[in-house]
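Let me begin by presenting the structure, written as structure tokens, before commenting on it.
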Amino acid sequence: MKSFERPSKREYSVHQNNPIAPNPIGLTPILLFVVLVVVTGITTNDITAMPILVAFFISAGYGLCLNPKGKKVSFSEKVQTFCKGGGDKNIILLVLIFLLAGAFYAVTIDIGARDATVNMALQFVPSSLILPGLFLICCFISFSMGTSMGTITALSPIGAGLATSLGLPVEMALGIVVGGAMFGDNLSFVSDTTIAATRTQGVQLKDKFRANLMVALPACIVTMGLLLLIDVDTSGIIEGSDYDFWRILPYLCIIGFALTGFNVISVLAVGIASACLVGLLQGSFTPLSMMQSIQKGMGWMQDLAMIAITIGGIVALMHANGGITWLIQRLTRKVTTKKGAEFSIAGLVSFLDITTANNTIAIVTAGPIAKDLNDKYGVDPRRTASLLDIFSCSFQGLVPYGAQLLSAAAVVGISPLAITPYCWYPMLSFVFGIAAIFFGFPRFNDPQDDELSAAS
């Protein structure tokens, strides 16, 4: 998602000069959410039993009862802090994206675009390569677009349709889409996480890309191998599975416009308009039923929009109550070696992503602390930029309350927790990221260019 605006150096340093006293209690709202989900899952034998929005509202209510260390804040001020966080421009943009994505899902399904796309894929891709092919397509689209959200928006309906046609768990297909989306988001030169990681560390894009590729490529290869092991039988589906090219046009439009660098809002608007035009011309619906289809899709995303707003408010409360400040101090206080500094950087950005459910925010927050550790323990900033992006993207593709899994789950109305076990690429990315720190690869033998990349 290209909602990230490049911050100034002053914005990056604000976390270093944060006057808020560290307070571990400030982190407990997100921990309460985890406890609610886990305990409910254990008692019901269903990890998806707890409604996510309800759990977040309970956590938000608890967060409103907390105060910064040594300070009494009125309830009215806390509510204002919550509302400011929930009403952040990036959160509101995310809400708009969710609503438009829902409209796109509904209209394309109603005109038969998803089924047509599935039939086309089954005709041109060998059955043994259906799942690896879906993963590679997601990787390519995400790398080109620089956004995991745009990729998930465009390809989740296709993945869900493939799963239905192949008799596979729809959660698996959505996990494949999310994994491919995170691969591209992590490596793309135009990704907001790449911009944040390189700017906070003052390194060139090509160096960060080279370091990331050493981790992402092995994880990608292993993921492909696992997908090849899945037995897929399409013999009964391919026979007689014709498709109408015009019904596929909305997907081609949304992918094509996304690849040209259009804003995600514009991309979704073009996708909806093209789907409506195809539906009207082919008689799939009347103007009135078209409007009803759009409304139906937006309705699918209303809970998701509320979840995004609530998460934004909770994160703001955790910042205000000193939870994030305490976390940063705890993760960096016992660092004594270069490898220890790298593990601390990885742990810091990972936990920040878990608590904020936003990999860009996690990188921006952890970046200044990581740069200080670079200077103190001699860590190559090119490796640091890579670690920030790798670990934030790994967890962003796993947290069930992150925008990526929430958006994918909304396509078929399932819990995002059901998708997490199938997000194999983010898991493998984390494993290879740990290996990269432990074995010290990649190593940069050439000195870092003093001049910052103009592209970053």
Setting aside same-chain residues fewer than 8 positions from K78, which lysines have a Cα under 25 Å from its Cα?
K69, K89
Which entries of K338/K376; K339/K371; K208/K376; K338/K371 have Cα-Cα distances beyond 19 Å here?
K208/K376
If contacts are Cα pairs under 8 angstrom and at least 6 residues apart, what is the relative contact order of segment 9-439 in percent?
29
Show which lysines lie in cross-link reach of K72 when reach means a straight Cα distance below 24 angstrom and same-chain residues fewer than eight apart are skipped.
K84
Label point at D46 placed 7 Å out along Cα→Cβ; residues across segment 389-423 whose backbone nitrogen lies under 20 Å:
400-401, 406, 409-422
About its Cα centre, how strong a charge dipole does segment 15-90 have in debye, to the nearest 20, once Lys and Arg get +1 and Asp and Glu get -1 at the Cβ?
360
By how many degrees, 0 to 90 and rounded to 10, does the Cα axis of helix 170-187 deviate from the longest principal axis of the chain?
50
Angle between the chain longest axis and helix 192-201 axis [Cα atoms, degrees, rounded to 10]
20
Please arrange F432, F444 by counting, for each residue, the other beta carbons lying within 10 Å of its beta carbon, fewest first.
F444, F432
Note: probe point = Cα of T336 + 7 Å toward Cβ; backbone nitrogen < 19 Å; residues of segment 358-380 passing the test are 373-374, 376-379
Based on DSSP H runs of at least 4 residues, each adding -39500 (n - 2.57), what is the mean residue ellipticity at 222 nm of the chain after dividing by all its residues, to the nearest 500 deg cm²/dmol?
-23500 deg cm²/dmol
What ranking, highest mean first, results for peptides 306-319, 408-421 when packing means the other Cβ atoms within 10 Å averaged over each residue?
306-319, 408-421
Hey, how many Å between the Cα centroid of segment 348-382 and the Cα centroid of segment 271-293?
46
Computed for segment 278-375: size of charge dipole around the Cα centre, +1 on C-beta of each Lys and Arg, -1 on C-beta of each Asp and Glu, debye to nearest 20, value 280
Ranked list, fewest to most other Cβ atoms within 10 Å of each Cβ, for F257, F56:
F257, F56
Would you be so kind as to identify which of G161, L53, G297 lies farthest towards the positive end of the dipole of the chain, taking Lys and Arg as +1 and Asp and Glu as -1 on Cβ and the Cα centre as origin?
L53
With the charge dipole of segment 324-432 built from beta-carbon charges (+1 for Lys and Arg, -1 for Asp and Glu) about the Cα centre, the Cα from G367, V379, L417 projecting farthest to the positive end belongs to V379
Using a simple charge model, +1 on the beta-carbon of Lys and Arg, -1 on the beta-carbon of Asp and Glu, nothing else, what dipole does the chain show about its Cα centre, in debye to the nearest 20?
1660
Top positive-direction residue, dipole computed over the chain with Cβ charges, set F245, S266, L31:
L31
Relative to the longest principal axis of the chain, what angle (0 to 90°, nearest 10) does the C-alpha long axis of helix 75-86 take?
50
With a 10 Å radius around each residue's Cβ, average the other Cβ atoms per peptide and rank 372-385, 289-302, 130-143, highest first.
130-143, 372-385, 289-302
For T360, T44, which order do you get if you count the other beta carbons within 10 Å of each Cβ and list the fewest first?
T44, T360
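Just so you know, all these numbers are worked out from the coordinates, no wet-lab data involved. None of these values were measured; they are calculated from a predicted model. As a convention, Cβ positions derive from the backbone with ideal geometry for all residues, glycine included, and neighbour counts pool all protein chains shown.
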